[in-house]
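Coordinate-derived values only; no laboratory data. This structure is a prediction, so every number in the text was calculated from the model and none was measured. Here the Cβ is made from the backbone with ideal geometry for all residues, glycine too, and neighbour counts use every protein chain on show.
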Amino acid sequence: MKKVISYLFIGFIVSFSMKGQSLDNLLVTTENLYKDTETKLIFPTENKSFTFKPYQIADSSYTHYQIQLKKEQQKVLKNDPGLVLKATTQYNLNGDLDIETNNFTNSRIKTEVEWNILKSGFLNNSNKVKQLENEIVILDTKKEREQRIAWRRQFRLQYTYSINEELIELFETKQQFLSRYFDVIAALYTKKRVKREKFLVLAQQLNITETELENTKQFNVQLKDSINTAFIGESLPLLEIDTLYFRDEFTDHNNNNLQKRNDSLRAQNVKLQHHWTNDVSLSAYANYNWLQTNVSNRNFASIGLKLRVPLRFSSKKNLIAATIARDQAFYK
């Protein structure tokens with residue numbers, strides 16, 4: 001309200017200073033004001049010279065690092081065939097009597113290479129690699145969704161900033177127009193051509209315009225730190241949007257297909273976690289033995305297989321089904 005009163009006061013001063021101005025001069029002033037203003041409002045047209053500057057939001061999300069971690073775990077497992085090197089040495093202080101040869105064994109050395117084929121070995125590692133691959137596929141889908149959300153958020157910031165820049169230019173033009181128009185109205189008022197209420201309406205419009213201009217500038221100051229500098233100063237192009245693409249890309253049918261695929265991958269992982277190779281141990285080994293006795297030294301090599309099968313009296317079928325049902329309900 002104080003600003004409106006100030007504008008009225010200035011208007012009266014201007015009106016007295018323009019008492020001698022003829023209506024013809026006011027008409028010329030008005031025509032010049034119109035000519036200076038009519039070209040300021042430019043509607044968007046097709047801009048083929050617009051250079052699109054694509055940018056990628058930095059991969060710093062928790063999901064991104066989860067994917068990188070699982071890829072590194074895959075590399076470790078792929079390079080782990082399940083080989084184990086063992087070595088033992090033994091020295092008997094009192095000698096160890098071998099009943100068959102009737103000799104005392106003073107010391108022995110044994111080295112062995114063991115290949116774990118099933119549990120904690122080659123096939124088990126292959127199953128873990130497959131589980132990680134399924135988890136990566138699921139996380140990739142999650143990451144794409146998070147990136148779309150982040151990109152849309154960033155796009156809104158970019159779009160709002162660019163729109164505000166154009167609004168600032170329009171508000172400045174409007175402010176200049178209203179200021180000059182205010183002078184014209186003041187002159188007409190002195191000649192009894194307009195009523196006093198016209199001053200009040202025009203002063204309010206000028207006050208609103210200046211407030212909107214200042215608010216928009218302050219808003220863009222806050223936005224600027226979040227804006228890609230490549231887009232600052234760019235005018236917005238007129239884009240033709242392919243609505244069919246968005247219809248096909250973001251339909252419920254497509255989302256349902258992704259959900260079904262992810263459910264299937266999780267079910268595969270549950271089955272792999274309870275695969276029989278995780279319980280059964282089978283390994284092949286080759287070792288070399290060296291013995292020192294009170295008579296002579298002996299050495300020999302041997303090969304063999306080791307098998308360990310746990311005896312269970314219940315099936316994991318119901319456990320697997322319950323786990324799959326729980327996961328589907330959780331990720332629904």
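Using r as the Cβ-Cβ distance of Phe219 and Lys192, and R0 as 41 Å, what FRET efficiency do you calculate, to the nearest 0.05?
The calculated FRET efficiency here is 0.45.
Sorted fewest first by neighbouring Cβ atoms within 10 angstrom, Ile163, Ile185 come out as Ile163, Ile185. Within the range 289-312, whose backbone N sits under 20 Å from a point 7 Å along Cα→Cβ of Lys86? Answer for the range 289-312: 289-292, 299-310.
Taking 0.36 nm per residue of separation and subtracting the current Cα-Cα distance, fully stretching the chain between Asn318 and Asn299 would add 1.6 nm. The fewest-to-most ranking of Phe199, Phe313, Phe330, Phe122 by surrounding Cβ atoms within 10 Å reads Phe313, Phe330, Phe122, Phe199.
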